[in-house]
Structure formats: structure tokens, C-alpha cells
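Comments concern the structure below.
The values are calculated or read from the model by the stated rules, or taken from the named source; none is laboratory data. Keep in mind the model is a prediction, meaning the values are calculated, not measured. So basically every Cβ, Gly included, is an ideal-geometry build from the backbone, and we count neighbours across all protein chains shown. For accessibility, only protein heavy atoms count, side chains too; no ligands or nucleic acids. Shrake-Rupley method; radii C 1.70, N 1.55, O 1.52, S 1.80 Å.
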Amino acid sequence: MLIQFSLTIVGLLVCVGDVAALATLLTWQERAADPISRRQRLLTAVLPVSSLLLLLLLGAVFFLMMLWSPQGFEALLGK
């Protein structure tokens, strides 16, 4: 049971950090000097990195759902 709570805290910290990173990335993109550089930042940095961050967020939520399902804890940790 202690392992479940510890992994839940880690998963929640990953989710919070992921949302903070997304907010920072979008703020960085909006603070560009002109519309051309904003578009360039959007296409070269924001879209690829935000896709990876959203994939990480989805994986963390799936992990937490599996962790707290009836047979999920045994399936994840092999016990």
C-alpha cells in the first residue's frame, strides 16, 4: 500500500510538472518579438515539445489509473 501511495505522489508530481512545462512553453512562444518569429517558434519548438509533453501526461494518467484498478497493481509490478 505504501508503494501505491508513493507512486501516486510521483505520478501527480509528473502531471503538475508537465502542465507547468506546457504553460512555460506557450508563454515563451507568445513573447516573441514579431508574428513571424512567433510562428517559427510554434512550428519548430512548441508543437513537437508539446506533443511529447502531452504524451507523457497521458501516460502518467494511464499509469495512475492502472495502479489503482483492482488487478492493475499486480499487473504493473508483477506481483
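Does the stretch 59-70 contain at least one residue that is at pLDDT below 95, surrounded by 13 or more Cβ atoms within 10 Å (Cβ to Cβ) and either in contact with a Ser or Thr (Cβ under 7 Å, 6 or more places away or on another chain) or farther than 14 Å from THR8 by Cα (or both)?
Within the stretch 59-70, one or more residues are at pLDDT below 95, surrounded by 13 or more Cβ atoms within 10 Å (Cβ to Cβ) and either in contact with a Ser or Thr (Cβ under 7 Å, 6 or more places away or on another chain) or farther than 14 Å from THR8 by Cα (or both).
Between residues in the stretch 54-79 that are small (Gly, Ala, Ser) and residues that are open to solvent by 60 Å² or more (accessible area, probe 1.4 Å), which pairs lie under 8 Å by C-beta distance while being six or more apart or on different chains?
What qualifies is GLY72/MET65.
When you go through (1) open to solvent by less than 70 Å² (accessible area, probe 1.4 Å); (2) under 13 Å from the mean Cα position of the chain (by Cα) one by one for ALA32, which number turns out not to apply?
Result: ALA32 fails condition (2) only.
Which one is farthest from GLU74 (Cα to Cα) among residues in the stretch 35-53 that are among the hydrophobic types (A, V, I, L, M, F, W, C) and open to solvent by 90 Å² or more (accessible area, probe 1.4 Å)?
Taking the stretch 35-53 first, the residues among the hydrophobic types (A, V, I, L, M, F, W, C) are 36, 42-43, 45-47, 49, 52-53.
Filter again for open to solvent by 90 Å² or more (accessible area, probe 1.4 Å), leaving 36, 43, 52.
On the way: ILE36: 51, LEU43: 42, LEU52: 28 Å.
By that ranking, first place goes to ILE36.
Could you say which residue among VAL14, VAL19 is under 14 Å from the mean Cα position of the chain (by Cα), at negative phi and open to solvent by 60 Å² or more (accessible area, probe 1.4 Å)? Break it down into steps so the answer makes sense when it comes.
Details: VAL14 fails: open to solvent by 60 Å² or more (accessible area, probe 1.4 Å).
Matching residue, one of VAL14, VAL19: VAL19.
How do the pairs read when you match residues in the stretch 2-21 that are free of Cβ contacts under 8 Å to residues at least 24 places away in the same chain with residues anywhere that are assigned to a helix (DSSP H, G or I), using Cβ under 8 Å and keeping only pairs 6 or more apart or on different chains?
Going by the 8 Å Cβ cut-off, there are no qualifying pairs.
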